[in-house]
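These notes concern the structure reproduced below.
Derivation of every value follows stated rules applied to the coordinates shown; laboratory data play no part. Just so it is clear, the structure is predicted and the values come from calculations on it, not from any experiment. We place every Cβ from the backbone using ideal geometry, glycine too, and count neighbours over all the protein chains shown.
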Amino acid sequence: MADPWFCFGHVLCFQISDKSCLIYLQGTINKLLVRMALVTNRNIRILVSWSCAASLFCVFFVSKREPYTKESSPRQVQNVTKMKSRIENTSKEDDTHNVTLVDFGLYLRMYHKKRHLYETLLVPSMKQFWLLPVNLTVVLDDTPEDRAFGQKISQKYPYPIICHMPKFDAKIYGGDGYNLQQLSMFYVEVCFNHMFVGFIDTDTLFVTPVTQELLFNGTKPNVIGQYGNTPDEGDTIFWPKVTEQFIGKREVFRCMSYFPVVIKVEHIVEMRNYIVGVHNKTFLQIFSDLSHNPKGYSQFNIMCNYMWYFHRAEYQFYAQQDHPFDRLKKAISAADRQPADYYTKHLTNAMKFPFPRSCIHFSYHPGIEPYIPGKSDKAMPGLIKEGQCFSGGFKWCPEQCRNINASSLHKHLFLFERSNWTWHEHCVDSQRMHYLNIEKNYNEEVKKKVLHWCEQQNKS
């Protein structure tokens with residue numbers, strides 16, 4: 001079964017010799033092999049071997065080519081230049097915020113029965129706060145209902161790319177929808193063609209303008225990990241041990257702690273191959289064994305802890321410790337992760353400086369959990385209002401913002417599920433830097449969104 005894009009990739013690589021081409025070609029080869037494995041449900045060791053051989057070929061080929069300079073991707077060069085310009089704060093007048101990130105896109109794995117969350121929470125909040133080019137891929141099941149749903153939403157904002165994931169053998173994920181969702185993320189390259197992926201859920205609610213700086217520090221994805229006595233309960237208290245079982249190393253952070261979770265796609269492929277080496281089984285066999293564990297797991301914990309151990313210099317880690325005196329929450333003992341002296345040795349003060357989140361996990365947000373359709377949705381306008389007021393509404397729309405204290409902490413930047421960073425004295429400083437960056441680099445676009453929101457509020 002040949003993939004015509006694979007053939008096209010060969011031709012393209014002979015014309016363009018850069019890293020994105022290498023990743024594209026390698027990713028296409030891996031996609032083809034993964035699809036074969038999913039369809040046949042055979043042992044994929046042979047396919048993995050072919051994938052490794054193809055990767056070596058790509059590396060050898062690109063290394064032998066002369067650098068392509070004069071005619072190489074002007075748009076790519078322009079985007080990278082603009083990104084560096086903004087990061088270095090070169091010019092307040094230079095309208096560089098509306099650039100394509102270094103091949104970044106959002107990834108949403110869902111199915112048609114979650115349409116209410118998609119249409120009521122995610123999409124409206126994106127309209128309010130997403131400032132960057134929208135590259136959203138929605139991954140659905142390959143069923144008549146999901147095909148009809150995909151066709152419908154592809155015609156509306158944010159005009160997502162629709163991909164129907166090839167079917168996995170139900171024995172692999174136990175026929176459980178949660179496991180299927182997580183398994184799809186481990187095979188992100190099957191339905192995704194960007195270099196960096198930003199994972200979100202259908203109940204993601206953006207609460208502040210999403211800037212490039214919230215996602216990346218230069219070219220490094222921002223990661224917010226929790227450590228120490230993190231507020232978990234139920235099955236999540238067992239996550240650290242399962243993370244350790246997957247990657248063979250003790251968990252450092254809990255990373256089901258922010259959205260979008262931005263990771264380099266090639267690192268996820270590499271991680272799967274690493275896990276295969278640790279267990280000496282195929283990844284599907286490993287996933288089947290561990291996902292059937294009734295104590296649960298988190299795919300984001302597995303991913304971000306792998307990045308910490310093997311690609312730390314390529315990510316900007318922020319380490320959140322929940323308030324040590326918050327006795328109202330159940331907590332994972334620090335003993336389930338690395339010992340205290342590990343964090344003393346490896347965490348810098350810069351890492352522990354609070355970093356603002358762009359969104360909340362609405363269904364699990366304090367005061368909303370458990371999520372009840374219709375009833376819980378009533379909290380959404382107030383959350384949107386706070387974000388619009390802190391973004392400039394106090395200045396451009398004072399009447400609508402009169403009931404919010406402009407000097408208060410926009411606390412939803414520092415809350416996610418049961419975690420709370422608002423106790424940290426520097427949250428106010430972090431919030432100030434975030435909104436100053438918006439005023440300096442995104443002012444006109446944010447002003448349009450705030451004024452439009454204000455106009456809608458006046459009509460209602």
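Distance between the pseudo-spin-label points of residue 423 and residue 405 (7 Å out from Cα toward the beta carbon): 2.0 nm. Computed from backbone phi, the HN-Hα couplings of segment 108-122 come to 10, 9, 8, 8, 4, 6, 9, 4, 4, 5, 4, 7, 9, 10, 4 Hz, rounded to whole numbers (Karplus: 6.51 cos²θ - 1.76 cosθ + 1.60, θ = phi - 60°; Gly and Pro given as x).
With both labels modelled 7 Å from their Cα along Cα-to-Cβ, the residue 395 to residue 369 distance reads 3.6 nm. Net charge of the neighbourhood of residue 109, taken over other residues with C-beta under 12 Å away and scored Lys/Arg +1, Asp/Glu -1, is -2. For segment 183-307, the Kirkwood hydrodynamic radius from C-alpha pairs, put into Stokes-Einstein at 25 °C and a viscosity of 0.890 mPa s, yields a diffusion coefficient of 159 µm² per second. As a rough guide to protection, the peptides 395-406, 238-249 ranked by mean Cβ packing within 10 Å, highest first, stand as 238-249, 395-406. Net length available on complete extension from residue 159 to residue 314 is 52.7 nm, with 0.36 nm assigned per residue and the Cα-Cα distance removed. Net length available on complete extension from residue 249 to residue 178 is 23.1 nm, with 0.36 nm assigned per residue and the Cα-Cα distance removed.
Counted residue by residue at 0.36 nm each, then reduced by the alpha carbon distance between them, the extension gain from residue 273 to residue 119 reaches 51.8 nm. Report note on the peptides 148-161, 439-452: ranked by the mean count of other C-beta atoms within 10 Å, highest first, their order is 439-452, 148-161. Computed packing ranks the peptides 125-133, 347-355 as 125-133, 347-355, most packed first, by mean other Cβ atoms within 10 Å.
A cut-off of 5 Å between modelled amide H atoms, ignoring neighbours fewer than 5 places along the same chain, links residue 136 with 106, 161. For segment 362-459, the C-alpha radius of gyration sits at 1.15 times the compact-globule guess of 2.2 N^0.38 Å, with N the residue count.
With each label modelled as a point 7 angstrom along the Cα→C-beta vector, the residue 142-residue 447 pair spans 5.1 nm.
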